[in-house]
Amino acid sequence: MFLSIDAGNSNIVFGFYDNGSQTWKYEHRVETKREVSVNKLAKDLQLFFLEMGLKPIQVKQIGISSVVPEINRTLISLSESFFNITPHFINEHSYSSVNILTTRPAEMGTDLMANAVAAFEAHRSACIIVDFGTALTFTVISDKGEIIGVNIVPGLKTALKSLFRNTSKLPEVKLELPTSAIGKNTIHSIQAGILYGYSGLVKGMLQTIQQELSMDFTIIATGGLSEILTNLKDTFDYIDRNLTLKGIKIIAERN
């Protein structure tokens, strides 16, 4: 099996690709904690492996993308001690063949690069990748596979938590799309405001990008929250929750 580790600001995702069935067969998520130890992650993985009937020796290769520098060394040590594998830790040198047309290419998040590589590999067309994570990002790719640029706004949960933390009377609510965009109580009002508001944001951003570049794009949604905004289903050509994991695998194997 190939193991993709995607360390984001909210979660660390362990995605296991089974070479036999050629599917992402297992997925394990843990909350990202910057002070987490190798032993804590190893114990957590050991329980997961017992539940799934897996053994560490089944993992033959590991690729890591991390946007949380504080845990980088921990993830490398975990790979070496738990799996006895030296992982490919993705950095700006891992995808030197990809032309990044931004002013500071080294600042590009490795998760966004993994998304871009996987999307272009699959579709070979101009793409916009909408990643619903801690941040909501729009990565724009040309029909030559160039990274044209990225837009970043606070993610759905980030916006919701900010509203909850910075107001005295507004409660924290579940991210569930209500049937009406007009709120009838406090919880409904927050859900309608955040979720229908973000639906409009996504549509407006996609429209503006396409008008500015006068191009047609394949629109791909990914990220753990990509399926919450069900009213956007027709806006996306594809929804691929495993896009980042796929990109990590592609980049690691090429290196």
Failed condition for V67, given (1) more than 21 Å from I250 (Cα to Cα); (2) open to solvent by less than 80 Å² (accessible area, probe 1.4 Å): (1)
Are there any pairs with C-beta distances below 7 angstrom linking a residue in segment 70-89 that is among the small types (G, A, S) to a residue that is assigned to a strand (DSSP E or B), with the two at least 6 apart or on different chains, and if so which? S79/I62
Taking the condition free of Cβ contacts under 8 Å to residues at least 40 places away in the same chain, within 30 Å of F16 (Cβ to Cβ), among the polar types (S, T, N, Q) and open to solvent by 40 Å² or more (accessible area, probe 1.4 Å), does T134 pass? no
Hey, does segment 85-95 have a residue that's among the polar types (S, T, N, Q), at pLDDT 95 or above and assigned to a helix (DSSP H, G or I)? no
Is it fair to say V202 is touching a Leu at 6+ places or on another chain (Cβ under 7 Å) and not hydroxyl-bearing (S, T, Y)? yes
Which of the residues spanning segment 207-223 are crowded, with 19+ Cβ neighbours inside 10 Å and out of contact with any Leu (no Cβ under 6 Å at 6 or more places or on another chain)? F217, T218, I219, I220, A221, G223
K174: at pLDDT below 90, more than 25 Å from R124 (Cβ to Cβ), within 23 Å of the chain's Cα centre (by Cα) and surrounded by fewer than 16 Cβ atoms within 10 Å (Cβ to Cβ), yes or no? yes
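Filter segment 193-226 for residues that are of a type in the set (A, V, I, L, M, F, W, C), in contact with a Phe, Trp or Tyr (Cβ under 9 Å, 6 or more places away or on another chain) and in a loop (DSSP other than H, G, I, E, B) and give the result.
Passing the criteria: only L225.
Go through segment 129-180 and count every residue that is assigned to a loop (DSSP other than H, G, I, E, B) and more than 17 Å from G204 (Cα to Cα).
Residues flagged as assigned to a loop (DSSP other than H, G, I, E, B) and more than 17 Å from G204 (Cα to Cα) within segment 129-180 amount to 22.
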In segment 143-165, is there at least one residue being more than 30 Å from P105 (Cβ to Cβ), within 14 Å of the chain's Cα centre (by Cα), open to solvent by 20 Å² or more (accessible area, probe 1.4 Å) and not hydrophobic (A, V, I, L, M, F, W, C)? no
State which residue pairs qualify: first residue more than 21 Å from T158 (Cβ to Cβ) and inside segment 179-191, second residue of a type in the set (A, V, I, L, M) in any location, beta carbons under 7 Å apart, and separation of 6 or more residues or different chains. S180/A192; A181/A192; I182/A192
In segment 1-42, anything of a type in the set (S, T, Y) and without any contact (Cβ under 8 Å) to a residue 60 or more places away in the chain is listed as S21, T23, Y26, T32, S37
First in segment 230-242 and at positive phi, second anywhere and open to solvent by 40 Å² or more (accessible area, probe 1.4 Å) and at pLDDT 95 or above, Cβ under 9 Å, 6 or more apart: none
Criterion violated by V117 - all others in (1) under 25 Å from G145 (Cβ atoms); (2) in contact with a Lys or Arg (Cβ under 8 Å, 6 or more places away or on another chain); (3) assigned to a helix (DSSP H, G or I) satisfied: (2)
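The values are calculated or read from the model by the stated rules, or taken from the named source; none is laboratory data. All figures in this text were calculated on a predicted structure; none of them were measured in a lab. In this analysis, Cβ positions are derived from the backbone assuming ideal geometry, glycine residues included, and neighbour counts consider all displayed protein chains. Calculation scope for accessible area: heavy atoms of the full protein, side chains included, ligands and nucleic acids excluded. Shrake-Rupley method; radii C 1.70, N 1.55, O 1.52, S 1.80 Å.
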